[in-house]
């Protein structure tokens with residue numbers, strides 16, 4: 001009987017398992033089957049193979065099964081160790097890849113770095129040209145070459161220069177806008193250095209009858225006359241009135257305002273009369289408060305004063321409340337004369353005096369010293385004063401009337417959705433229009449054309 005000894009082969013196996021390749025780590029492992037085949041050798045050495053024996057085949061089969069099982073266990077251990085190693089070295093690989101990408105490498109080198117990080121090995125990353133080992137005992141810390149570091153410094157300097165250049169350009173644009181929109185442009189004059197505001201490029205022809213006019217008299221409208229005969233304007237049934245205006249003698253109060261405004265303009269040949277009020281009543285049709293006042297005044301022959309007042313009387317047909325009565329009348333004055341009034345006079349109810357003088361004037365930045373209010377008594381003075389307190393509180397919180405109840409009232413008083421064209425026609429106030437459009441609850445702190453020392457070109 002002859003004993004057969006099992007050989008001790010040494011096999012070099014490359015472990016490129018699927019999970020190992022996916023994690024970016026592939027290790028070359030030398031596996032000795034003899035070292036992991038102790039049990040197989042023990043079994044085969046103790047019981048020799050005998051030629052011709054009936055159980056030789058079964059023994060050989062058991063030996064192959066044993067060796068296969070041992071190989072499976074070895075491969076499983078290799079995979080587990082590979083995953084653990086990959087998990088442990090992943091931060092290092094990521095760090096090295098980030099260094100490679102920051103080092104101003106070429107496109108091909110970046111591609112190799114990404115490929116090595118995503119699919120390759122640590123050794124592949126270490127072979128990239130942008131890596132140089134500082135020291136053999138530096139525990140895997142790397143740095144770029146001198147050339148690469150110089151290129152990186154140059155790139156950082158260029159990027160900083162670009163940022164500085166862009167910031168300078170933005171600052172130049174900001175300064176240019178500030179200069180050319182007229183807020184900060186200063187020109188020498190006989191009176192010293194004065195701010196300048198520029199008119200719109202589009203100029204309207206100034207009517208001859210308003211040449212030399214520099215004062216504005218405003219009569220705010222309170223209702224719309226829709227009767228057929230303007231001589232019957234003293235009858236309240238011919239007016240579109242709100243519930244609180246349904247009082248006997250209310251129409252006479254409106255006519256008193258018209259007459260006071262006409263007489264103020266007649267006193268001063270340099271004054272202009274503007275009736276202000278939009279198409280606020282749907283039941284009255286497409287007729288504005290301003291046009292009603294103008295027609296009634298003409299029907300009553302301008303209340304017996306000089307007929308020349310008619311040539312200096314105009315309408316502003318877009319205002320929906322007292323704030324717009326004041327502001328839009330000033331804009332209408334500018335449309336007609338290409339300048340702003342040096343003095344403003346408003347004719348209305350006495351209860352609204354504080355609203356105009358303390359709130360609306362501040363909202364448009366007009367000097368109070370150049371403003372006059374002429375007030376008349378209302379029939380329901382006490383009731384009007386009680387309601388006026390709430391309106392003043394609302395305008396104190398919202399000086400431009402674009403929120404809450406004030407905005408709702410404007411919406412109700414614009415049934416034909418007319419709006420107002422002055423933001424596009426009076427472009428010299430563009431910054432102020434923008435501030436109003438933001439619906440800010442703070443007053444505008446920029447320049448107005450009527451601000452002290454302001455020049456207009």
Rank by packing, highest mean first: peptides 292-299, 164-171, with packing defined as the count of other Cβ atoms within 10 Å averaged across residues.
-> 292-299, 164-171
What's the center-to-center distance, using Cα atoms, between the stretch 319-356 and the stretch 387-420 in Å?
-> 16 Å
Quick one: if you stick a label point 7 Å off each Cα along the C-beta vector at residue 393 and residue 430, how many nm between them?
-> 4.1 nm
Order of 342-349, 420-427, 404-411, 325-332 by packing, highest average Cβ count within 10 Å first?
-> 325-332, 342-349, 420-427, 404-411
Measuring from centroid to centroid over Cα atoms, what is the spacing of the stretch 274-297 and the stretch 425-446 in Å?
-> 27 Å
In nm, the gap between the two label points placed 7 Å beyond Cα toward Cβ at residue 350 and residue 61 is 12.6 nm
A chain fully extended from residue 342 to residue 408 at 0.36 nm per residue, minus the present Cα-Cα distance, gains in nm 20.5 nm
If we count other beta carbons within 10 Å of each Cβ, what is the order of 237, 451, 288, fewest first?
-> 237, 451, 288
Tell me, what is the percent relative contact order of the stretch 204-456, built from C-alpha pairs under 8 Å that lie six or more residues apart?
-> 21 percent
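Each value in this text was obtained by applying a stated rule to the coordinates, not by laboratory testing. Nothing here was measured: the structure is a model prediction, and the numbers come from that model. Here the Cβ is made from the backbone with ideal geometry for all residues, glycine too, and neighbour counts use every protein chain on show.
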